[in-house]
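Notes for the one structure printed next.
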Amino acid sequence: MGEKQQVSLEDVARYCGLSTVTVSRVLNHSPSVREYNRQKVMEAIEALGYIPNAAARTLARGTTGIIGMITPGLQDPFFSQIVQEVNNGLISHNLFLAISITANQGCDYILQQQRVDGMMLLAPGMEDEFVPRLKSQKVPFVVLDSQNRNADYSCILVDNFDGGYQVGRHFLDLGHRRIGFIGGPRELINSSEREHGLQAALSGEGLSVVRSERGQFCFADGYRIMTAWIGQGVVPPAIFAADCNLALGVITALREHGYRVPQDVSVCGFDDEPMAQEYIPALTIVAQPVSALAECAIEQLMIWIGGGRPKQLIYRLKPKLVVRESTAPRPAD
């Protein structure tokens, strides 16, 4: 048997007895087509199994229907949640998401002219590499989780300072006065802002962080740092770990050395990953507004693509403290 012949636009036109121009207008959602003719075209498309030629539609409409995203990877649950939310949001706009992991060559492909209608950059610390390229190619773009607080381009941020401040107030309300901080890499401004927010809350009570140390945003470094503190005999009764995985590493080290969480030590993390709720005890956490991040990014990008200009360039979204089982009132002296 020979291969099944692909159904063409002309085949659809012949089937429904209309012109190819009318069929094309239906496919491109033109409001000038009468409802009766639109229905005839749609019935013909279904009967024949017609699949529109994407390249032809791109030329006709001047758009691709594709939004690109550059990200360093999907291992980080925060990144994967954003990707999922963005994808769901774009589907509602009849758009598709093309993802490029920066470890491969895909970003060079989707950055070529006419390959995408717009771009999202979800690559903290890599803006200096990609933003100039996006600007030079005049591709509409937005940056999520930006490290540039004085950007002259559209950025969607989480107010990490406010998140740290909420943690500080939570510990103070529980009666804690000796509070430690375990953060992420110093070059990531997100981590520094979380510490500054914590310190601002404590300063209002004439207090300061009793001990601070940094590592990578990972379980292993939370475990390592906490084990070292235990070995040195310095265990603050309340600890803010600026990442969910860091916090879980801290709790594991404490429990292995006989400390009860939260009876002996309260621990709060950042980023509401699934493991935060499933761990025992369930982790008190600062949850980032992932859905709002995605919605805002899509909204701003659609404005740029449509030729407009957003009312502001930098949007700071508020995180939310979610109190669970890993924090408790200060132990009695």
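The values are calculated or read from the model by the stated rules, or taken from the named source; none is laboratory data. Predicted, not measured: the structure shown is a model, and the values here were computed from it. Cβ atoms come from the backbone with ideal geometry, glycine included; neighbour counts cover every protein chain shown. What goes into the accessible areas is simple: the full protein's heavy atoms, side chains included, and nothing from ligands, DNA or RNA. Shrake-Rupley method; radii C 1.70, N 1.55, O 1.52, S 1.80 Å.
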**Message:** Could you identify which residue out of ILE280, ILE45, ILE67 has the top mean-square fluctuation in a GNM of the chain using Cα springs shorter than 10 Å?
**Reply:** ILE45
**Asked** Relative to the Cα centre, what is the charge dipole magnitude of region 160-288, using +1 at the beta carbon of each Lys and Arg, -1 at the beta carbon of each Asp and Glu, and rounding to the nearest 20 debye?
**Response** 440 debye
**Request:** About the Cα centre of the chain, how large is the charge dipole given +1 on each Lys and Arg Cβ and -1 on each Asp and Glu Cβ? Please answer in debye to the nearest 20.
**Result:** 700 debye
**Complete:** Projecting the Cα atoms of SER136, TYR153, GLY164 onto the charge dipole of region 124-164, where Lys and Arg contribute +1 and Asp and Glu -1 at Cβ, the residue farthest towards the positive end is SER136
**Asked** Which of these, ASP128, ASP272, ASP159, has the largest mean-square fluctuation under a Gaussian network model of the chain (Cα springs below 10 Å)?
**Response** ASP128
**Request:** Among VAL12, MET119, VAL209, flag the residue with its Cα farthest along the positive direction of the charge dipole of the chain, charges on Cβ as +1 for Lys/Arg and -1 for Asp/Glu.
**Result:** VAL12
**Asked** Using the heavy atoms of the protein chains alone and a 1.4 angstrom probe, what is the accessible area of region 160-288 per residue in square angstrom?
**Response** 37 Å²
**Among beta bridges that DSSP assigns inside the chain, antiparallel share in %, nearest 5** = 10 percent
**Message:** Using only DSSP helix segments of four residues or longer, with each worth -39500 (n - 2.57), what per-residue ellipticity at 222 nm results for the chain after dividing by its residue count and rounding to 500?
**Reply:** -13000 deg cm²/dmol
**Request:** If a/c stays under 1.5 just call it rounded; otherwise compare a/b with b/c (prolate if a/b is bigger, oblate if not). Do that for region 160-288, with a ≥ b ≥ c from the square roots of the Cα gyration tensor eigenvalues.
**Result:** rounded
**Request:** Evaluate the relative contact order of the chain (contact order divided by residue number), counting alpha-carbon pairs under 8 angstrom at least 6 apart; express in whole percent.
**Result:** 15 percent
**Longest DSSP-loop-exposure-free segment, trypsin sites (Lys or Arg not before Pro), the chain, at most 12 other Cβ within 10 Å** = 35-137
**Item:** Solvent-accessible ranking of SER326, SER24, largest area first, probe 1.4 Å
**Value:** SER24, SER326
**Message:** Under the √(5λ) rule applied to the eigenvalues of the Cα gyration tensor, what semi-axes describe the equivalent ellipsoid of region 286-332? Give them in Å, descending.
**Reply:** 38, 10, 4
**Fill in**
What the Cα atoms of region 224-333 span along the principal axes, largest first and in whole Å, is 61, 24, 24
**Request:** Taking the convex hull of the Cα atoms, report for the chain its projected area averaged over all directions, in nm².
**Result:** 23.0 nm²
**Asked** Using a 1.4 Å probe on the protein chains only, how many percent of the accessible area of the chain belongs to carbon and sulfur?
**Response** 51 percent
**Extreme residue, positive dipole direction of the chain, given options HIS257, TYR223, PRO289 (C-beta unit charges)** = PRO289
**Request:** Once you've got the GNM for the chain with C-alpha springs shorter than 10 Å, pick whichever of MET275, MET42, MET120 has the biggest mean-square fluctuation.
**Result:** MET42
